[in-house]
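Undergrad: One structure, as structure tokens, below. Some questions next.
The values are calculated or read from the model by the stated rules, or taken from the named source; none is laboratory data. The structure presented is a predicted model; accordingly, all values stated were derived computationally and were not measured. Cβ sites come from the backbone with ideal geometry, for glycine too, and all protein chains shown count toward neighbours. Side chains are part of the model used for accessible areas, which takes the heavy atoms of the whole protein and leaves out ligands, DNA and RNA. Shrake-Rupley method; radii C 1.70, N 1.55, O 1.52, S 1.80 Å.
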Amino acid sequence: MPALALWTLCGAVAFAVALRLWSEERRLVLLLLASPAALIAILSGQFALFAAAILLAVLRWREERPVLAGALVGLLLVKPQLALLLPILFLASRNWRAFAAAAVSSLALAALVALLWGPDIWRIYVQTGIANQSLVLSDPDHLAGPFMPTLFMNLRVAGVPVPVASAFQVALALLAALLVWLRFRHRPAAGDLSANLLFLACAVSATPYMLSYDTLALATMAVFLLVAGQGRILPILLFLLPLLQLVAGMAGLPGPALVPIVAALLSGSGKKFHLVN
């Protein structure tokens, strides 16, 4: 228990520090630590608070401190699905220094892991870790559905066969990647809330393997939009996405996974305010 308490405290501090990069409003820290995504992360002792802190710092520093932002991406090696679209963001915005720093830090951490635990650790990961993730996605016991707000899992919960669900997920991932490319080739400012919301929403949509607690960065950006008066309904739905998925998943109903991509499509329209009036 002391170890878990210390882990949770460190995660909460890291998350609070990342939030300070965006806002000095202390009440937002308490609100977001009480969000559904954060509570699930805290109760399950997950890495999500650290992951959200990293994502928020990368998005905030990507123009001002590109090398540092890129170096932080390597820390997401333990959660590669969260960083899936970051290379596209860096390439689209012609942020070569961030892209190079991300590549170097990722390779350096991979090499460090191999040095500490031997190169076989990566073979074991490929053979065992990925196989275990595939088992989770197949969800033979129908346990993961309520906790994974992805299109693939939404369709699996509804009884759609794996090949069909996979095809729809691939199509959605390609759409998400395209939206990120189209928006960030215009190099929006690091503080552009709608552009950052688009990226985080697409990041959630692009992968079949995303648990509810990993939507914390997206929930954070949704709250920033609410505070700035940029939309109401969609930011609230994004904030409550883990609860929506829990209820829908337990009922065997698809649907919550479409909320992020709808938010991304509306944000990608180029309107900076009022995602939903």
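Undergrad: I40 - would you say it is farther than 20 Å from A173 by Cβ, in contact with a Leu (Cβ under 6 Å, 6 or more places away or on another chain) and open to solvent by 10 Å² or more (accessible area, probe 1.4 Å)?
TA: For I40, the condition - farther than 20 Å from A173 by Cβ, in contact with a Leu (Cβ under 6 Å, 6 or more places away or on another chain) and open to solvent by 10 Å² or more (accessible area, probe 1.4 Å) - is not met.
Undergrad: Also: L175 - would you say it is farther than 23 Å from L39 by Cα and out of contact with any Phe, Trp or Tyr (no Cβ under 7 Å at 6 or more places or on another chain)?
TA: yes
Undergrad: Search the stretch 50-75 for residues being among the β-branched types (V, I, T) and within 21 Å of R185 (Cα to Cα), and hand back the single one that is surrounded by the most Cβ atoms within 10 Å (Cβ to Cβ).
TA: V58
Undergrad: To continue, here is another question. Would you be able to say whether some residue in the stretch 53-71 is small (G, A, S), touching a Phe, Trp or Tyr at 6+ places or on another chain (Cβ under 7 Å), in contact (Cβ under 8 Å) with a residue 24 or more places away in the chain and closer than 30 Å to P2 by Cα?
TA: The answer is yes; a qualifying residue exists.
Undergrad: If you don't mind, another one. Of the conditions (1) under 19 Å from the mean Cα position of the chain (by Cα); (2) aliphatic (A, V, I, L, M); (3) open to solvent by less than 60 Å² (accessible area, probe 1.4 Å), V78 fails just one. Which one is it?
TA: (3)
Undergrad: Something else now. For residues in the stretch 207-222 being of a type in the set (A, V, I, L, M) and modelled with pLDDT under 95, which is nearest to the chain's Cα centre (by Cα)?
TA: Step by step, filter the stretch 207-222, then rank; the result is M210.
Undergrad: Quick one: how many residues across the stretch 23-52 are farther than 15 Å from A222 by Cβ, touching a residue at least 60 places away in the same chain (Cβ under 8 Å) and touching a helix residue (DSSP H, G or I) at 6+ places or on another chain (Cβ under 6 Å)?
TA: So the count comes out to 6.
Undergrad: Search the stretch 236-255 for residues being open to solvent by less than 40 Å² (accessible area, probe 1.4 Å) and at pLDDT below 95, and hand back the single one that is farthest from A219 (Cα to Cα).
TA: G252
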